[in-house]
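The structure appears right after this line, and notes come after that.
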Amino acid sequence: MMQIVKGNEAAAIAAKLAKPDVVAAYPITPSTDFPEKMSEYVANGELPYTQFLPVESEHSAMSACVGAAAVGARVCTATSSQGLELMHEILFIASGMRLPIVLYNANRALSAPINIWCDQQDSFSARDTGWIQFYGENNQEALDLMLMSFKVAEDPRVLLPAMTCIDAFICTHTFEPVDIPSQEEVDAFLPPYKPNHVKLDPDEPMTLGPFGVPEYYQEMRYAQHLAMRSAEKVIDEVFEDFEKRFGRRYRKIDPYKTDDAEIILITIGSLSGTTKEFIDRLREEGKKIGMVKITVLRPFPFKEILPVIKNAKVVATLEKNISMGYGGAVYAELAGVLINEEKRPALIDFILGLGGRDVTFKELNEVVGICEELKAGKKMERPVWIGVKKELIS
Amino acid sequence: MSNPESLLAPGHRACAGCGPAIAIRQILEVAGRNTIVVEATGCMEVTTTPYPQTAWKIPWLHVAFENAAAAASGVEAAYKALRAKGAIPEDKKPNIIALAGDGGTFDIGIQALSGMLERGHKVLYVCYDNEAYMNTGIQRSSATPLGAATTTSPAGKVIPGKMTRKKPIAMIAAAHDIPYVATASIAYPADLKMKVKKALSVDGPSFLHVFAPCPTGWRFGTEQTVELARLAVETGVFVLYEITDENPLKPIITKRLKDRKPVEEYLKIQGRFRHLFKPEKKQDIIDQIQQEIDRKCKLFGVDE
C-alpha cells in the first residue's frame with residue numbers, strides 16, 4: 001500500500017511491522033517521530049504485546065535494550081547525533097554480547113557548535129562499534145532497510161546489532177510516497193526471533209557479561225569479526241529474498257553508469273539522488289562519469305566495490321564526515337580496498353555538506369572540475385573542502 | 001545459615017572478610033533460585049565472573065557501571081512482553097534484582113536509578129555500600145563519610161580526608177514515592193532478610209541500601225567485618241529504617257538505640273580514620289562527625 005510519509009515514520013512503520021517485544025528510546029531531534037510513533041502504536045493497541053520504555057537518556061535506552069535482548073526479546077530503538085554518542089559505550093556492549101538490537105539513526109551533525117542538521121559524523125563515529133551499518137537514500141529505503149536489518153541481525157550466523165541510517169531532515173522530515181508491505185507479507189518474511197545463545201531464565205541459569213581475561217578476550221573479538229564476515233553472505237541472501245517478495249532490489253553497493261566511467265563519485269545516503277541526476281546531465285555532455293552508492297558500510301563491501309572502481313582514472317569520495325587531521329572516512333576505506341592493486345585509480349576525498357550545508361549541482365560541478373584536473377595528472381593536497389567560506393576563517 | 005547451599009558459590013575472588021559478599025549471600029537466601037541478578041560493574045562483578053568461571057548459580061547479567069537500573073528495566077520489560085504474547089508461561093515471574101555498589105548507585109548510576117524508580121519497574125534495586133570505589137583502589141564516592149581518607153580524598157597536611165557529608169541515598173530513592181525503601185546491615189541478618197522479603201513482595205520498584213564494610217578499603221582486620229557493621233548501627237553512623245507505602249517518605253526505625261555509643265569507638269579501629277587520632281588527635285573533626293550523627297539520629301528519632 002502506498003502512503004505518503006516522512007522518513008522517520010517510514011522507519012517507525014518498519015519497526016511496528018517487525019512487532020518488537022521491547023522499544024526503549026529517548027527522543028532527539030530529528031528522529032523524535034520514531035519514539036512518538038512507537039508510543040502511539042502501543043497506546044492505541046496496535047502493538048498489543050510491545051513494552052515501550054520512555055527512558056531518561058539514550059544511554060539508558062541502549063542499556064535497557066541490552067537487558068531486554070539478554071532475555072531473548074526482539075528489541076529496537078532510535079536516536080541521532082548526540083544521542084548516538086551518549087549510547088556509544090553500550091553500542092560496544094550490545095555487539096560484544098552478540099545481541100541483535102536494531103537501531104534507527106537520523107544522521108545529524110555533532111556538537112560543538114550544536115547543530116541539528118544533516119551530516120554523517122555521528123554514525124561514522126560508531127563505525128567501529130561492531131554494529132552492522134545500513135545507509136538509506138530515501139524513505140522507501142529507510143523502511144526496507146529497517147525491516148531487513150532485523151532479519152540480518154537475528155540470523156543465527158550473524159547475531160550482531162544493526163543500525164539503519166538516513167539523512168536528517170533531507171529524509172527524516174520529507175514526505176515521500178512509500179510502499180508499505182502488509183503485516184502478513186512481513187510475517188512471512190521475518191520469522192519470530194528465538195535465540196539460543198542468550199537467556200536469563202532461572203530454569204537454565206546463564207552468566208552474561210562476565211569478566212574477559214586476556215586469555216579469552218581476543219577470541220571473543222575474533223568471533224565478532226567472523227560474524228561480520230558471515231553477515232556479508234546473509235545480507236546478500238536477505239536482499240535477494242526481499243526482492244523476490246517485495247520486488248525492490250537492494251545491493252551492498254549500487255554502481256550507476258560506471259562501466260566505462262573515467263571518474264567515479266562515491267556517495268552515501270540522500271546525496272546519491274542528487275548525484276545521479278547530476279551524472280545524467282554530464283553524460284549528456286559526453287563526460288564518462290559514474291557513481292557508486294554505498295548502502296552497507298559494515299561489513300565493508302570490499303569484493304563488490306573493487307571491480308567496479310579499479311579501472312576508473314579518478315575515484316572521488318563525497319564525504320559528509322571529517323576525521324580531523326586525516327580527511328574523509330570513506331577515502332580511507334577505499335584506499336584499503338585499492339592499495340594492493342597494481343593498476344589503480346587516483347583517489348581523492350571531498351569534504352562537503354557538513355552541518356546541513358546544501359550540496360547542489362554547483363558543488364558537484366566543483367568536485368568534477370577538480371577530478372578532471374587530477375585525471376590530467378595534476379597533483380593536489382587532500383582532503384579537498386568544498387564550499388568553505390574562507391572569509392569567515394581568521 | 002538457614003540455607004546450606006549458597007547461590008553465590010564459594011571460590012569467587014572477593015577479599016577475605018568482604019562485606020558485600022556477605023550481603024549478597026544473605027539477600028539470595030531470601031530471594032532464592034527464582035531470581036535474576038543484573039549487576040553493575042564493580043567489586044562483586046569482577047570477583048564473581050572471571051570467564052569461563054562464574055560464582056552465580058542463578059541467571060546473572062552485567063552490562064556496564066552506570067546502568068544496572070536501566071538494564072534491569074529492560075529485563076523486566078522483556079519478561080512482561082514475552083508473558084503477554086504467550087512466549088513464556090503467564091506465571092513465570094522471577095524476582096529481578098539490580099545490584100550495584102555505592103559508586104554505581106550514589107554517583108555514576110543515579111540517573112538510571114531515578115529513571116527506573118520513576119517508570120515503576122518491578123525491580124528490587126540493592127546498593128551494597130562499602131563507602132568508596134573499592135574496585136579501582138579506594139577512591140572517594142559520595143557515600144564516603146566525613147573525615148575518611150581515600151586515595152582521592154587523602155589525609156593531607158591541609159585537608160584531612162573527605163570533608164563533605166554522605167549522600168542520603170535511601171531518602172533520595174524514597175523521594176521517588178515508590179512502594180518500599182529500606183536500609184539494612186549485614187550485622188543484622190534477620191532484619192535484612194525481612195526487608196528483602198518485603199521489598200520483593202511489593203508491586204513496583206523497591207530500594208535497599210545495605211551497609212557492607214570493606215576490610216581492604218577501610219583498613220581493619222578481616223575478622224572484624226560484621227563487628228564493624230554492628231558498631232556502625234550502634235553508634236548511629238548507619239540508621240536502620242524502612243519506608244513503606246502506608247507512610248510515604250516517613251522512615252520507620254527498625255533498630256532503635258538505648259545507649260548510643262560514641263562514634264569514636266567506631267572511628268578508632270579503622271585505618272581510614274587513623275589520621276584523626278595520630279600523630280595528634282583532631283578532636284574538632286571527631287566532634288564534627290559526632291555532631292552530624294547526633295543531628296541525624298534526632299531527625300530520624302533513633303534514640304529510645
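Read-outs: derived from the displayed coordinates by stated rules, not from any lab. Keep in mind that what you see is a predicted model, and the values were worked out from it rather than measured. As a convention, Cβ positions derive from the backbone with ideal geometry for all residues, glycine included, and neighbour counts pool all protein chains shown.
Some notes on this structure:
- Beta bridges per DSSP with both ends in segment B:36-181, % antiparallel, nearest 5: 15
- Proximal lysines to B:Lys261, defined as alpha-carbon separation beneath 17 angstrom and excluding residues fewer than eight positions away on the same chain: B:Lys296, B:Lys298
- Average beta-carbon neighbours from other chains, 10 Å sphere, peptide B:15-28: 0
- Across all directions, the average projected area of the convex hull around the alpha carbons of segment B:161-210 is 4.2 nm².
- Relative contact order %, segment A:253-392, counting alpha carbon pairs below 8 Å whose residues are six or more apart: 24
- The angle between the Cα long axis of helix A:271-284 and the longest principal axis of the Cα atoms of chain A comes to about 30 degrees, rounded to the nearest 10.
- Packing-based ranking, highest mean first, of A:118-126, A:25-33 given that Cβ atoms within 10 Å are counted: A:118-126, A:25-33
- Alpha-carbon centroid distance for the pair segment A:56-119 / segment B:120-189, whole angstrom: 30
- Between B:Lys261 and A:His225, the simple spin-label model (points 7 angstrom out along Cα→Cβ) gives 5.8 nm.
- Each 10 Å bin, from zero up to the one with the longest distance, holds this percent of the alpha carbon pairs of segment B:66-141: 20, 42, 24, 11, 3.
- Comparing A:Glu342, A:Glu58, A:Glu366 in a Gaussian network model of chain A (Cα springs below 10 Å), the most mobile by mean-square fluctuation is A:Glu342.
- Net charge, B:Ile178 excluded, C-beta distance under 10 Å - Lys, Arg +1, Asp, Glu -1: -3
- The simple spin-label model puts a point 7 Å past each Cα toward its Cβ; for B:Lys93 and B:Arg274 those points are separated by 5.2 nm.
- Cα gyration tensor category, rounded, prolate or oblate, for chain A with a/c compared to 1.5: prolate
- Taking amide H atoms as placed 1.01 Å from N in the peptide plane, the amide H of A:Asp349 lies under 5 Å from those of A:Thr317, A:Val384, each 5 or more residues away in sequence or on another chain.
- Shielding value for A:192-203 is 3, the average number of Cβ atoms from other chains within 10 Å of each residue's Cβ.
- Taking amide H atoms as placed 1.01 Å from N in the peptide plane, the amide H of B:Phe207 lies under 5 Å from those of B:Tyr125, B:Tyr180, B:Val181, B:Ala182, each 5 or more residues away in sequence or on another chain.
- Per-residue mean of C-beta atoms belonging to partner chains within 10 Å, peptide A:49-59: 6
- Extension gain (nm, one decimal) between A:Glu372 and A:Ala112, 0.36 nm per residue minus Cα-Cα: 90.1 nm
- DSSP bridge pairs, the protein assembly as shown: antiparallel proportion in percent, nearest 5: 25
- Helix A:81-96 axis, angle to chain A major axis (alpha carbon atoms, nearest 10°): 60
- The protein assembly as shown: mean projected area of Cα convex hull, nm²: 35.3
- Within chain B, percent of DSSP bridges classed antiparallel, to nearest 5: 25
- Between the amide H of A:Ser270 and those of A:Asp167, distances stay under 5 Å, these residues lying 5 or more places away or on another chain, with hydrogens modeled in the peptide plane.
- The packing ranking, built from the mean of other Cβ atoms within 10 Å per residue, places the peptides B:74-83, B:219-228 in the order B:74-83, B:219-228, highest first.
- Prolate is the label for segment B:1-56, because a/c, from the alpha-carbon gyration tensor with a ≥ b ≥ c as root eigenvalues, is 1.5 or above and a/b exceeds b/c.
- Using every pair of separate Cα atoms, the Kirkwood estimate puts the hydrodynamic radius of chain B at 19.6 angstrom.
- Per-residue [θ]222 nm for chain A (sum of -39500 (n - 2.57) over DSSP H runs n ≥ 4, rounded to 500): -13000 deg cm²/dmol
- Gyration tensor (alpha-carbon) shape descriptor, segment A:253-392, a/c threshold 1.5: rounded
- Spin-label zone in segment A:16-52 - amide nitrogen under 20 Å from a point set 7 Å from the Cα of A:Glu185 along the C-beta vector: A:16-20
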